[in-house]
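Below: one structure, written as structure tokens.
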Amino acid sequence: MNSIAVLGCGNIGTSILEGLLKSKESDQLQFFASRKNLDQLDPLREKGVHISTNNKEIAEKANYLIIAVKPYKVAEILNEIRDVINENHVVISVASEVSLAEIEEHLPKGTSIFRAMPNTASAIQESISCISAKHASKDQVQMVEYLFSGIGRTIVIDEELMGAATILGACGIAYAMRFIRAMIQGGIQLGFDAKTASKITTQTVKGAADLIIQNNSHPEMEIDKVTTPKGCTITGLNEMEHQGFSSALIQGIVKSFDKIDKTN
Ligand SMILES: NC(=O)c1ccc[n+]([C@@H]2O[C@H](COP(=O)([O-])OP(=O)(O)OC[C@H]3O[C@@H](n4cnc5c(N)ncnc54)[C@H](OP(=O)(O)O)[C@@H]3O)[C@@H](O)[C@H]2O)c1
């Protein structure tokens, strides 16, 4: 039986475990989680996750180890577990800005290592997880994709694109939230109460994303379907562009990217 441990089970670690616990195959997997403040893991414990403050002890019991601490703590955790890592282990870091080369330095030579960049929609199994690997067999890549498919969709990418994946996939949640918030505020100004404006906006945004996913279409194709000549949609859209809508979004994405260390 494969066993999965999240070392440093905070926001993203909990989202990943919550998602995996809901997956169809969860009864064929064993789950472990660590952090110092164990009280915070009570909800996971109640769902059958074995919890501990001892990273090394957990690393001995599980074979797929997901390192989910803040980037500056990754080396500390890897050094702590290094002695118990063997050829059966697969080490997966979700920390942004920590390269496979840096991870490798703290583990026995040849250890199968992965970087994965999920987002917080993991908790509802709607993440997109970008994955890259080193020293991994085809089966291990498949297994890691399978694990992350428990929390949404997966894509295997070159490690050099991991920075871009962090911005588009993980930070992207925040950009989308800000868009949704602005739309709700517009709806309130038009006369809806906040709750109703939120209900209409969120379902509309969900529907828009699903149209692209399910129709495999380009956003502009879907826009053409709702823009009557001289109509209210194109009038509003063009005003948004005059005010710099697309440009502001692209510039924000690039600014976020400039903020991270692109060598990782
Ligand atoms: N949040 C996101 O959307 C997201 C998305 C993709 C990737 N990431 C990456 O995921 C990582 C974690 O982010 P986060 O937002 O989940 O941070 P977080 O909520 O602070 O989670 C990190 C956890 O690590 C625990 N921890 C610290 N030292 C530890 C130790 N020595 N042993 C065991 N556990 C320890 C902390 O809990 P205690 O203090 O109780 O130990 C904390 O709960 C980051 O590297 C980030 O780049 C985050």
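Read the figures in this text as sums done on the coordinates, not as results from a lab. What you are looking at is a predicted structure, and each value in this text was computed from that prediction instead of being measured. Note that we place each Cβ from the backbone using ideal geometry, even for glycine, and neighbour counts take in every protein chain shown.
On a 24 Å Cα-Cα criterion, which of the cross-link pairs Lys24/Lys56; Lys73/Lys259; Lys36/Lys70; Lys73/Lys134; Lys199/Lys259 come out too long?
Working: Lys24/Lys56 29 Å; Lys73/Lys259 19 Å; Lys36/Lys70 13 Å; Lys73/Lys134 21 Å; Lys199/Lys259 34 Å.
Too far apart for the 24 Å limit: Lys24/Lys56; Lys199/Lys259.
Taking N as the number of residues in segment 165-259, what is its Cα Rg relative to 2.2 N^0.38 Å?
Compactness ratio reported: 1.18.
Over segment 1-62, what is the percentage of antiparallel beta bridges among all DSSP beta bridges, to the nearest 5? Show your work: numbers first, answer last.
Details: 0 of 8 bridges.
Close to 0 percent.
Treat each spin label as a single point 7 Å out from the Cα along the C-beta direction, and report the Val226 to Lys47 distance in nm.
So the label points at Val226 and Lys47 sit 3.3 nm apart.
Evaluate the distance, in nm, between pseudo-label points positioned 7 Å from the Cα of Ser217 and of Asp193 along their respective Cα→Cβ axes.
Modelled inter-label distance: 3.5 nm.
How big is D for segment 3-157, in µm² s⁻¹ as a whole number, if Stokes-Einstein is applied with the Kirkwood radius of its Cα pairs at 25 °C and 0.890 mPa s?
On the way: Rh = 15.0 Å.
The diffusion coefficient I find is 163 µm²/s.
Give the cross-link partners of Lys195 among the lysines, using a straight C-alpha distance below 18 Å as the criterion and excluding same-chain residues fewer than 8 apart.
Here the lysines satisfying the reach criterion relative to Lys195 are Lys206.
Checking the cross-link filter: which aspartates and glutamates have an alpha carbon closer than 18 Å to that of Lys47, excluding same-chain neighbours under 8 positions apart?
Lys47 reaches Glu18, Glu25, Asp27, Asp39.
By DSSP, what percent of the beta bridges with both residues in the chain are antiparallel, rounded to the nearest 5?
Working: 5 of 30 bridges.
Given both bridge residues lie in the chain, the antiparallel proportion sits at roughly 15 percent.
Per residue of the chain, what 222 nm ellipticity follows from adding -39500 (n - 2.57) for every DSSP H run with n ≥ 4, rounded to the nearest 500?
Working: 12 runs with 128 residues, N = 264.
Rounded to the nearest 500, it is -14500 deg cm²/dmol.
So for the chain, what are the equivalent ellipsoid semi-axes in whole Å, largest first, each being the square root of 5 times an eigenvalue of the Cα gyration tensor? Could the numbers behind the result be given before it?
Numbers: eigenvalues 304, 84, 56 Å².
Three semi-axes, in Å: 39, 20, 17.
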